[in-house]
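Participant: Pasting a structure below so you can have a look.
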Amino acid sequence: MSDTEQKRESSSVWYFVGATFLFTAAVFVMTMTDGLMIVAGVILALGAVGAIAGAVALRRELQNKQH
């Protein structure tokens, strides 16, 4: 297996790691002040997008592994 194939197989992990950091950042923003709820909502939405992208990448990686 080449290095590029191995990198493609583990890319979904980085989407989930990024989503985790975004979710954590949103919690910190929520605890700072009440006026930042819109910012926290945007960060939560970005985290959700990252988690969905990770799920899509994971599905693609699993399908490629089976073939």
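The values are calculated or read from the model by the stated rules, or taken from the named source; none is laboratory data. As the structure is a prediction and not an experimental result, all values here were calculated from the model. Ligands, DNA and RNA are stripped out before the accessible areas are found, and what is left, the full protein with its side chains, is counted by its heavy atoms. Shrake-Rupley method; radii C 1.70, N 1.55, O 1.52, S 1.80 Å.
Participant: Quick one: ranking Ile38, Ile52, Ile43 by accessible area, 1.4 Å probe, largest first, what do you get?
Facilitator: Order by accessible area, largest first: Ile38, Ile52, Ile43.
Participant: In degrees between 0 and 90, to the nearest 10, how far off the longest principal axis of the chain does helix 37-66 point, with axes built from Cα atoms?
Facilitator: Approximately 10 degrees, to the nearest 10.
Participant: Additional query: Work out, step by step, the length gained on full extension between Val49 and Val13: first 0.36 nm times the residue separation, then minus their alpha carbon distance; give nm to one decimal.
Facilitator: Full extension from Val49 to Val13 adds 11.5 nm.
Participant: Hey, what angle do you get for helix 11-32 against the long axis of the chain, alpha-carbon based, 0 to 90 degrees rounded to 10?
Facilitator: So the helix axis and the longest Cα principal axis differ by about 10 degrees.
Participant: Expressed in nm to one decimal, what extension gain is obtained for the pair Phe23 and Ile38 from 0.36 nm per residue of sequence separation less their Cα-Cα distance?
Facilitator: Full extension from Phe23 to Ile38 adds 4.0 nm.
Participant: Compute the normalised compactness of the chain: alpha-carbon radius of gyration over 2.2 N^0.38 Å, N being the residue count.
Facilitator: Ratio of Rg to 2.2 N^0.38 Å for the chain: 1.43.
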